[in-house]
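One structure is given here, and the rest of the page talks about it.
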Amino acid sequence: MPGGLPVEDGPGLRAELEAILMIVDEPAAEDHLAAVLERPRAEVASALRGLSAEYTAQGRGFDLRQVAGGWRFHSRATCAPAVDRFVLDGQQARLTQAALETLAVVAYRQPVSRSRVSAVRGVNCDGVMRTLVQRGLVEEAGSEPETGAILYRTTNYFLERMGLRGLDELPELAPFLPEVDDVEAESLEGTMIAEAVAAAAAKAADGSGEAGRAAPDR
């Protein structure tokens, strides 16, 4: 542009890297990022290290780290007390209907990936899954061999809060659910699962006399 600063055609490399790393579920490898952005790996690696150094110099509350063979955003260690207070502050709040339905799908389909849970419910469940993990009701259970997606399962704390001795005490519903790919049918499946878990919770409450243990309230 005559008489002024040059204008880039589209976002720069650093901006593109930030946008991608904001949505990844696991560390992104330099090779993969370079291939997606059609840039040399050395250039991508340099940009990533530059961003990491920049965040540290600015004292930002997040950090860009190279872990497990890739790069991912993390909360800065110095901010851990504030993060812990935020996470634990809602521990006593009851789960939303969306969280209960997501938890129900994990209980019946485990080990299961986020994408599979989203397909069953018919909506994106990434945020809800993070909440369930933070509350100790769901945990990682390895990865799917075909896709590398992280798999999730319920925890012992889930059984405790549901008043169950084991998953075999959940209503006998999972073996009879239709194996379909249609999103609408899978959404119906999610409703059926949620109703079954609600019934199990009610049964546990009647049997133990402890209504507080019938539904997760952490």
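Starting from the residue with the highest accessible area, list M22, M162 in decreasing order, probe 1.4 Å. Walk me through the numbers before you get to the answer.
Numbers: M22 140, M162 0 Å².
Heavy-atom accessible area, descending, gives M22, M162.
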> Picking from L13, V133, W71, whose Cα lies most toward the positive end of the charge dipole for the range 10-157 (charges on Cβ: Lys, Arg +1; Asp, Glu -1)?
Replying inline: V133
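The values are calculated or read from the model by the stated rules, or taken from the named source; none is laboratory data. Keep in mind that this is a model prediction, so the values were computed, not measured. Note that each Cβ is placed from the backbone with ideal geometry, even for glycine, and that neighbours are counted across all protein chains shown. For the accessible areas, the whole protein counts, side chains as well, though only heavy atoms, and no ligand, DNA or RNA atoms are used. Shrake-Rupley method; radii C 1.70, N 1.55, O 1.52, S 1.80 Å.
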